[in-house]
Structures are given as structure tokens and as C-alpha cells.
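The values are calculated or read from the model by the stated rules, or taken from the named source; none is laboratory data. These numbers come from a predicted model, not from an experiment. Neighbour counts are summed over all protein chains in view; Cβ atoms, including those assigned to glycine, are modelled from backbone coordinates with ideal geometry. Just the protein is used for accessible areas: all its heavy atoms, side chains included, with ligands, DNA and RNA removed. Shrake-Rupley method; radii C 1.70, N 1.55, O 1.52, S 1.80 Å.
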Amino acid sequence: RHVLDQLGPVEFGRLPASKVELEDVADTAWAWFDEGDATRAVALLEAWFAPGQALTARHAVLLDTLMDILHDIGDVRARDALLATALGQDDVELRVIALHHRADIEAARGDLDAAWATWQAIDALDHDNPDNASLEVTLLLERGEYPRAATRARYWTGRIEHGEDEGEFTALLEFFDHVASDPQAAFARMRADTRRDDGVRRLELAVPRL
């Protein structure tokens with residue numbers, strides 16, 4: 001981090017062509033944000049999203065970090081512009097990640113039909129991927145489709161348990177077990193967890209992260 005600490009906005013623009021580790025960039029941006037310098041954190045991250053930059057899934061950590069910081073500072077216009085940039089990329093995996101953010105935003109503002117349409121777009125691009133499971137089940141719960149949520153939770157449980165990466169999904173499988181046995185109670189618990197986190201973050205944050 002100490003190297004990035006020495007740089008100013010002019011130098012930020014040269015970083016995308018360098019060999020800097022993107023995880024280090026994201027960590028530094030969060031550190032600056034936590035220290036009260038959101039402007040500098042945003043400027044650092046935005047260097048990778050300037051016009052003409054080609055983005056791929058390896059840039060997802062920067063997209064996630066910048067989306068979260070822009071959310072926290074309430075800069076909706078910049079957040080929406082960033083999302084449009086990510087959705088306009090050729091890389092399918094990055095577009096799927098951006099669509100996850102769009103679905104979260106739509107659900108947070110109560111537009112569940114739009115969020116579900118975005119989920120369908122995700123599934124069309126990245127069908128039957130367990131990485132998308134928590135979003136689908138969460139949206140079904142939010143839409144009040146409890147029997148369907150329970151059915152899909154059982155489906156995803158079987159799908160994950162028969163895969164090679166089951167260990168990565170331990171917490172999610174526990175959540176799906178609750179949904180399958182009592183979806184309404186699982187949703188009530190998820191809402192309570194969201195309120196405990198000040199009710200600001202999207203509902204999916206109450207679901208164990210993958």
C-alpha cells in the first residue's frame with residue numbers, strides 16, 4: 001500500500017497499464033475510505049473504468065469495491081454510470097457480476113419485477129451456476145414466492161452437493177436448508193439481519209457470501 005500512498009491523481013491514470021495487484025488497489029481504496037478520504041479512493045478506482053479501458057472478470061474486485069463505496073457515499077449518478085460501463089463490456093463474466101449489482105439495486109428500491117428480469121438475464125448468460133443461487137432464492141423470498149423458494153433451495157443444495165466445490169458453499173447450504181424447511185421463517189431472519197445492519201445494505205448481504 002505504501003507505494004500507492006505516494007501517488008496522486010495524475011499517477012492514478014497510469015496504473016491500469018502497470019503490473020499493480022488489483023487486490024492491493026481495492027484494499028488501499030477501502031483503507032483510504034475508512035480513513036475519511038472517499039474522494040481519493042474513488043479517484044484511484046475510477047482510473048480502471050475510464051473510456052477506452054477493456055475490462056474483464058479480473059477487474060471484478062475493483063468493480064465491487066467502487067460500487068460499494070459509491071453506494072456508501074450516496075453518489076447514485078456515478079454508480080449508475082459505472083454500472084453502465086461494466087454492462088457495456090464484452091466479457092460475459094464481468095457483465096454477469098454487473099447484473100448482480102443491478103438486481104441488488106432494483107430489489108433495494110422495491111422494483112422486484114425489474115430485479116427478477118435481471119436475474120433471468122443473469123441465468124441466460126450464466127445458466128445453472130451455483131454462484132448465482134443466493135440471488136435467485138433471495139429474490140423469490142422477497143417476492144413472497146415461498147414454495148418456489150423452498151423448491152429452488154432444495155435444487156441448489158443437490159446441485160452444489162454433487163459438485164466439486166461443495167466446501168466453498170458451506171454457509172450458503174446452511175441458509176438453503178433453512179429456506180427448504182421453513183422459507184417464511186428464513187426470510188424473517190434474513191430481514192432481521194438486514195435491519196441489524198442498519199437496513200441500508202441490500203437484502204442479499206444477509207445471505208452468507210460465497
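Miscellaneous remarks
- Within the chain, helix-based [θ] at 222 nm, where runs of 4 or more DSSP H residues each add -39,500 (n - 2.57), nearest 500: -20500 deg cm²/dmol
- In nm, spacing of pseudo-spin labels at Arg109 and Val3 (7 Å Cα→C-beta vector): 4.0
- Evaluated at q = 0.16, 0.19, 0.24 Å⁻¹: base-10 log I(q)/I(0), Debye formula over Cα of segment 144-185: -0.37, -0.50, -0.73
- Extension gain, Ala192 to Gln53, is 46.0 nm, computed as 0.36 nm per intervening residue step minus the present C-alpha separation.
- Fraction of accessible area attributable to carbon and sulfur, segment 109-177 (%, probe 1.4 Å): 45
- In this entry, the chain is assigned a mean projected area of 12.3 nm², taken as a quarter of its C-alpha convex hull surface.
- Efficiency of FRET between Asp24 and Arg154 - r from beta-carbon atoms, R0 45 angstrom, step 0.05: 0.65
- For trypsin sites (Lys or Arg not before Pro), the sites in segment 35-121 that DSSP calls loop and that have at most 16 other Cβ atoms within 10 Å are Arg109.
- Solvent exposure of segment 1-59 as accessible area per residue, Å², 1.4 Å probe: 59
- Virtual spin-label span in nm between Asp80 and Ala17, 7 Å along Cα→Cβ: 3.4
- Surface per residue (accessible, 1.4 Å probe) for segment 109-199, Å²: 54
- Dividing the mean sequence gap of close Cα pairs (under 8 Å, 6+ apart) by how many residues the chain holds gives a relative contact order of 13 percent.
- Segment Ser181-Asp90, length gained on full extension (0.36 nm per residue, minus Cα span): 28.7 nm
- Here the calculated FRET efficiency for Glu35 and Asp128, from their Cβ-Cβ distance with R0 = 45 Å, stands at 0.60, rounded to the nearest 0.05.
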